[in-house]
Amino acid sequence: MRLRRKRRLARCLRKRRQLKPVSDKSANIRRDDVLLMSVLRNEKIRLPYFLEYYRKLGIDHFLFVDNNSDDGSSEYLASQPDVSVWQANASYKRASFGLDWSNYLLRRYAHGHWVLTVDPDEFFIYPFCDTRPIRALTDWLDGCAVRSFGTMLIDMYPQGPVDAEPYHEGQDPFQIARWFDAGNYMITMNPDYKNLWIQGGPRARVFFRDAPLQAPALNKIPLVKWDRRYVYVSSTHSLLPRGLNQVYDEWGGEKTSGALLHAKLISTLGEKAREEMLRGQHYRRSGEYRAYAEGLDEQPVFWCDRSEKYINWRQLEILGLMSKGNWA
């Protein structure tokens, strides 16, 4: 595992040459700032609400890698006062699906900081997020000597077909996608990295019903007190050193955990799926996006009589999808 980590670190240092600064405001980062890291392509329609959401949550500075967008994403981000953005025109796939770029920027700028690594369609929630900023959570984690914080990715969806209600730039996506699956999840242990592996939910029900083990993983460890020796090895599903992956209690109790509300299943999905299927830059030759593109031809409806309408984080805790643990 130590050798794997060193190889990952060496990879990210080599790939740093692929990153070209568009607007580097990293000199404004203060010692105790909470950071956000994200790699994107053609997500301008999502960015206004994404930035608004995370600013309200308490993020101080954003680090973005733009992978050759042609929709104005890079220019929009460069105009923001609290955003640093780098352009990467190289292969997303050959950069370990963007991890080499983000691992380098985390090593370079996030050492000693709490940093949240998310995609533009992921929205972090945690216990008391309606009344306490993210710094309250990170201060408590520091006090408990905890270095990483786990979440479950919860796919949100509308009551009708995903393309029935168009999503508009700057809109809260959860005005459209208000529903989620309260159950239908399976959990296993990854023997190598000691992280939990969670699958299921609406994408498994609809797009992977004949091959549920190929459904996307829903376990994420997005919030980490970063050290330049750390690396992500599989999206934000797992890290090295392995101890960072143990965000669960092995003895039957509950560790504090959060959730990522996932706003993928809205009207933008069809165009995104077709684009990524043709590019072939994602995992398993973009097999996940191929399943989306083919499945959407049938105009599926994710809502069913067991769907739950999202209310707040306390609802997710009652359902066992997150926990406040001993944080009061």
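The values are calculated or read from the model by the stated rules, or taken from the named source; none is laboratory data. Quick caveat: nothing in here was measured; it's all calculated off a predicted structure. Here the Cβ positions follow ideal geometry from the backbone for every residue, glycine too, while neighbour counts run over all protein chains shown.
Being over 22 Å from residue 117 (Cβ atoms) and either in contact with a Leu (Cβ under 7 Å, 6 or more places away or on another chain) or assigned to a loop (DSSP other than H, G, I, E, B) (or both), is that true of even one residue in segment 274-282?
yes
Kindly check whether there is at least one residue in segment 181-193 that is of a type outside the set (S, T, N, Q), outside any loop (DSSP other than H, G, I, E, B) and buried (at least 16 other Cβ atoms within 10 Å of the Cβ).
Of segment 181-193, the ones of a type outside the set (S, T, N, Q) are 181-183, 185-187, 189, 191-193.
Among the residues that remain, those that are also outside any loop (DSSP other than H, G, I, E, B) are: 181, 185-187, 189.
This time we only want the ones that are buried (at least 16 other Cβ atoms within 10 Å of the Cβ), so: 181, 185.
Scanning segment 181-193 turns up at least one residue that is of a type outside the set (S, T, N, Q), outside any loop (DSSP other than H, G, I, E, B) and buried (at least 16 other Cβ atoms within 10 Å of the Cβ).
Name the one entry in 325, 252 that is part of a loop (DSSP other than H, G, I, E, B), surrounded by 14 or more Cβ atoms within 10 Å (Cβ to Cβ) and at positive phi.
Working: 252 fails: surrounded by 14 or more Cβ atoms within 10 Å (Cβ to Cβ).
Step by step, each of 325, 252 is checked, and only 325 is part of a loop (DSSP other than H, G, I, E, B), surrounded by 14 or more Cβ atoms within 10 Å (Cβ to Cβ) and at positive phi.
I need the strands (runs of 3 or more DSSP E) fully contained in segment 78-133, keeping only those with at least 2 residues that are of a type outside the set (Gly, Ala, Ser) and closer than 30 Å to residue 324 by Cα.
Working: elements: 83-88, 114-117, 122-125.
Those strands (runs of 3 or more DSSP E) span 114-117, 122-125.
Which of the residues that make up segment 146-160 are surrounded by 16 or more Cβ atoms within 10 Å (Cβ to Cβ) and either not hydrophobic (A, V, I, L, M, F, W, C) or not in a loop (DSSP other than H, G, I, E, B) (or both)?
Selection gives 147, 148, 149, 150, 151, 152, 153, 154, 155, 157, 158.
Looking at 311, 266, can you tell me which residue is over 18 Å from the mean Cα position of the chain (by Cα), farther than 27 Å from residue 145 by Cα and assigned to a loop (DSSP other than H, G, I, E, B)?
Details: 266 fails: over 18 Å from the mean Cα position of the chain (by Cα).
Result: 311 is the single residue among 311, 266 that is over 18 Å from the mean Cα position of the chain (by Cα), farther than 27 Å from residue 145 by Cα and assigned to a loop (DSSP other than H, G, I, E, B).
Is there any pair linking a residue in segment 61-73 that is at positive phi to one that is aliphatic (A, V, I, L, M) and not in a loop (DSSP other than H, G, I, E, B), with Cβ under 8 Å and at least six apart or on different chains, and which?
68/88
Only one residue in 143, 201 is small (Gly, Ala, Ser) and buried (at least 21 other Cβ atoms within 10 Å of the Cβ), so which one is that? So that I can check it myself, show each step before the final result.
Details: 143 fails: buried (at least 21 other Cβ atoms within 10 Å of the Cβ).
Answer to the selection: 201.
Take the conditions within 27 Å of residue 189 (Cα to Cα), at pLDDT below 95, polar (S, T, N, Q) and under 19 Å from the mean Cα position of the chain (by Cα) and apply them to residue 235. Does it pass? Before you say what the answer is, go through the steps one by one.
Details: within 27 Å of residue 189 (Cα to Cα): yes; at pLDDT below 95: yes; polar (S, T, N, Q): yes; under 19 Å from the mean Cα position of the chain (by Cα): yes.
Yes.
Name the pairs whose Cβ atoms lie under 6 Å apart, with the first residue in segment 230-251 and without any contact (Cβ under 8 Å) to a residue 40 or more places away in the chain, the second in a loop (DSSP other than H, G, I, E, B), and 6 or more positions between them or separate chains?
Sorted first by the residue in segment 230-251, then by its partner, the pairs are 249/255.
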